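One structure is given here, and the rest of the page talks about it.
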Amino acid sequence: MSKSSTKTLTMRGIFVAILLLQTFVPFFGYIPIPPLNLTIIHLTVISAALIFDGYSGWWIGLAWGLLSMLRAYIAPTSPFDILIFQNAIIAVVPRVCISLTTAYTFKRLSKLLDKHSSLMLASAVGSITNTVGVLGLIALLKGKPYAELAHTTPQLLYKLLGTTVVTNGIPELIAASVVVPIIVYAYQKVANRKKH
């Protein structure tokens, strides 16, 4: 195994360890704001997509999706976790797509904008991918039971999901746009220092 592939494998292991901590340590990755949790785990996945290249780093999103499912089975924080994240499509697909949309956006924008702006906007797109993906799949696959669990009608479901975008999605987007570039710059600074 080459030195480069050993380093990459080690970094991936570190990211998975961070995901494990964020998934199972209270308030480290999920902040309960009913009916769903505000998440900061997406920062780890978006950062990995930009550090590793999302096309090869999609597996970090896969790891988060699988850990979300595992958490819903062994340590759910609400009935919503059970309803939503025990579904493999809702738990996994948006999380894998985060890496792909983030990397694609960064690659395209870096040809047009400065690096910092490209990182911020790509991070925002990654966050939007998670929010729209999860909420859209909830509406599509679990709309009626979700509405019943939330004590609302299916007709008011979109209003409820829209409220979730405001209470959870917007803060998650802002956090991603601000925090992820800092993480990426810090990683690159350390990586470049080790090369010299």
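Throughout, read-outs are computed from the coordinates displayed, never taken from laboratory work. What you see is a predicted model; the values in this text were computed from it and never measured. With ideal geometry, Cβ positions are generated from the backbone for all residues, glycine too; neighbour counts draw on all protein chains shown.
Quick one: in the range 82-114, of everything that is farther than 23 Å from L38 by Cβ and assigned to a loop (DSSP other than H, G, I, E, B), which residue is nearest to the chain's Cα centre (by Cα)?
Per the stated criteria, the residue is S110.
Return the residue satisfying two criteria in turn: it lies in the range 106-130 and is crowded, with 23+ Cβ neighbours inside 10 Å and of a type in the set (S, T, Y), and of such residues it is farthest from N168 (Cα to Cα).
Of everything passing the filter in the range 106-130, S123 is farthest from N168 (Cα to Cα).
Which of (1) touching a Phe, Trp or Tyr at 6+ places or on another chain (Cβ under 8 Å); (2) surrounded by fewer than 16 Cβ atoms within 10 Å (Cβ to Cβ) does T153 not meet, given it meets every other one?
(1)
Does I18 count as out of contact with any Lys or Arg (no Cβ under 8 Å at 6 or more places or on another chain), closer than 24 Å to L137 by Cα and β-branched (V, I, T)?
No: the conditions fail for I18.
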